[in-house]
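Please treat every number below as a calculation from the coordinates, not as lab data. Owing to the predicted nature of the structure, the values given are computational and were not obtained by experimental measurement. Cβ placement follows ideal geometry from the backbone for every residue including glycine, while neighbour counts extend to all protein chains displayed.
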Amino acid sequence: MNSLPDLNVGLVGCGTVGSGVVQILRAHRDLLSIRAGCNLNLRRVVVRDLQKTREICAGDVEFTNDVSSIVNDASIAVVILVMGGIEPAHQYMRQCLDAGKDIITANKALLYQHGPALFQRAGHSGRTICFEAAVAGGIPIISAVTQALTANRIVSIEAILNGTSNFILTRMLDGRQPYEDVLREAQALGYAEADPSMDVDGTDAAQKLSILTQLAFGTRVTLENIVQQGIRQLELLDLQAAAELGYRIKLLATSRLARDRLEVSVQPTLVRADRAVAQTSGPDNIVAIVGDSVGLIRLSGAGAGRMPTASAVIADLVDYATGRAAITFRSVLRMQALPELPLQPREDLSRRYYLRFTVADRPHVLADIADILGRHEISISSVRQDETPDDVDEQEGVARLVIMTHRTTEGRLQAADAEIALLPSIRGVSIRLPVAD
Ligand code: NAP
Ligand code: HSE
């Protein structure tokens, strides 16, 4: 729109998210100009491999593999950095900040690792970093926590923050698809990280939860202090056993105040099937936040994928253009100065548990396990073992034993687990999952 001023934008990364950004900028050019109060001009796009065939055509935008062409272009005010990994993304972000550019990013691994230093760097030089797309894809959780909920003391966050693992768990149970096949599909759909172990071992969700916890509780929690467990060891039979008991298994990210201590965990967790978290399926994410004044708020939607993530990036760009982003970033910096909350030691986490053992199908096995649990004051709430056929040719069979416990501590269960693992009747991997309240 001719009467409006121009805002020149640089883009670093044009893969899943970056190509969505280009697509929205082109599709909604006029609408965005009106909302932003300026023309959003994409000046230059930096990629790694200029020979790659891309879904989007370059059109009037210059593609380059030289980031300095953005850093040294004084007409570019803001850089959208949507490449993954730590280096060279970290170096690029610092170069852009030092060159006086503001940043919009979706790179949560980078923010988790270097966020505090980068925020400080940006704060000192009057720059802004926006990161709506970094935590829950298309869900506007950063603006909710940093703007809409600021009247509240946050009491708890219970969330699904990784689209890939939620997609895998959903497809395994509903479609009876093998884990490896669904993971490949999640990669093809652009949900998974370049290294998908970040998704399935819980690291991506833990990094996002750390960012969210810092904003909501003013406390920085590192991965070493987050109880983290991935989904890789789960089998279809766990998902089915949980379903028969009235639950769904979700990779649940939890950050909550309990007796003035912060409990932070990312674990596959049994959630009652009628709860909204349990019904969040496919690549969707959900964030349920309890604030002391507002009560329970739930935000859900696409947590990964090209267009939903690009939607959050463009929202940041419009906020940046209107000046809202700078105001929010100053308040984010002020929130970093809140006193740190003490963390609940892992052993003191108190929950109910789902335990699954694969055992030799012979006498006294259940009694041995029950005895160990009892000696550690762990009370059993239910036991389930499917009928197995009589031994064929006198070969010993295996049985799967699912035990639900009453509330107990992680410390007691760890001690009991160590003893149970030594029983000669135990076969293969045992599974221990918490049950959400
Ligand atoms: P992607 O599809 O792998 O795209 C990465 C882009 O970065 C590619 O265009 C690549 O160039 C470019 N790139 C990589 N290394 C580079 C380098 N050294 N110099 C210049 N460009 C480089 O990744 P993505 O899925 O879009 O994810 C980007 C970021 O957003 C990651 O931090 C990710 O965690 C985050 N994120 C992703 C999603 C999602 O659903 N995918 C959601 C939220 C956040 P080439 O095209 O030439 O290879
Ligand atoms: N790999 C991430 C996920 C992308 O699956 O949730 C969104 O951050």
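Would you check which residues across region 297-356 are within 16 Å of ligand 1 (Cβ to nearest atom), within 21 Å of residue 166 (Cβ to Cβ) and charged (D, E, K, R) and list them?
Across region 297-356, the qualifying residue is only 306.
Which of the numbered conditions does residue 177 fail, given that it passes all the others? Conditions: (1) out of contact with any Ser or Thr (no Cβ under 8 Å at 6 or more places or on another chain); (2) in a loop (DSSP other than H, G, I, E, B); (3) closer than 20 Å to residue 133 by Cα.
Result: residue 177 passes all but (3).
Please specify each residue of region 112-149 satisfying the condition of being over 20 Å from the mean Cα position of the chain (by Cα) and either over 14 Å from residue 215 (Cα atoms) or within 14 Å of ligand 1 (Cβ to nearest atom) (or both).
If the condition is that a residue be over 20 Å from the mean Cα position of the chain (by Cα) and either over 14 Å from residue 215 (Cα atoms) or within 14 Å of ligand 1 (Cβ to nearest atom) (or both), then 117, 118, 120, 121, 122, 123, 124, 125, 126, 127, 128 are the ones that fit.
I want to confirm something. Restricting to region 228-271 and keeping residues that are over 28 Å from residue 215 (Cβ atoms) and charged (D, E, K, R), which single residue is surrounded by the most Cβ atoms within 10 Å (Cβ to Cβ)?
Only one residue fits best here, namely 238.
Rundown of residues vs (1) farther than 19 Å from residue 146 by Cβ; (2) touching a Ser or Thr at 6+ places or on another chain (Cβ under 6 Å); (3) charged (D, E, K, R); (4) surrounded by 16 or more Cβ atoms within 10 Å (Cβ to Cβ), yes/no style:
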| position | (1), (2), (3), (4) |
| --- | --- |
| 83 | yes, no, no, yes |
| 96 | yes, no, no, yes |
| 101 | yes, no, yes, yes |
| 126 | no, no, no, no |
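I'd like to verify a number: residues in region 57-105 that are part of a loop (DSSP other than H, G, I, E, B) and within 22 Å of residue 318 (Cα to Cα), how many?
Number of matching residues: 10.
Regarding region 214-224, can at least one residue be identified that is surrounded by 17 or more Cβ atoms within 10 Å (Cβ to Cβ) and either in contact with a Phe, Trp or Tyr (Cβ under 6 Å, 6 or more places away or on another chain) or within 30 Å of residue 384 (Cα to Cα) (or both)?
Checked against the condition, which is being surrounded by 17 or more Cβ atoms within 10 Å (Cβ to Cβ) and either in contact with a Phe, Trp or Tyr (Cβ under 6 Å, 6 or more places away or on another chain) or within 30 Å of residue 384 (Cα to Cα) (or both), region 214-224 yields no hits at all.
Just checking, does region 156-170 include any residue being touching a Phe, Trp or Tyr at 6+ places or on another chain (Cβ under 6 Å), within 11 Å of ligand 2 (Cβ to nearest atom) and within 17 Å of residue 109 (Cβ to Cβ)?
Yes - at least one qualifying residue is present in region 156-170.
Go through 194, 188, 206 for me and flag whichever is in contact (Cβ under 8 Å) with a residue 60 or more places away in the chain, surrounded by fewer than 24 Cβ atoms within 10 Å (Cβ to Cβ) and of a type in the set (A, V, I, L, M).
Residue meeting the stated conditions: 194.
Assess whether residue 126 counts as being at positive phi and either out of contact with any Pro (no Cβ under 7 Å at 6 or more places or on another chain) or free of Cβ contacts under 8 Å to residues at least 40 places away in the same chain (or both).
yes
Of the residues that sit in region 177-220 and are in contact with a Pro (Cβ under 8 Å, 6 or more places away or on another chain) and within 13 Å of ligand 2 (Cβ to nearest atom), which one is farthest from residue 269 (Cα to Cα)?
189
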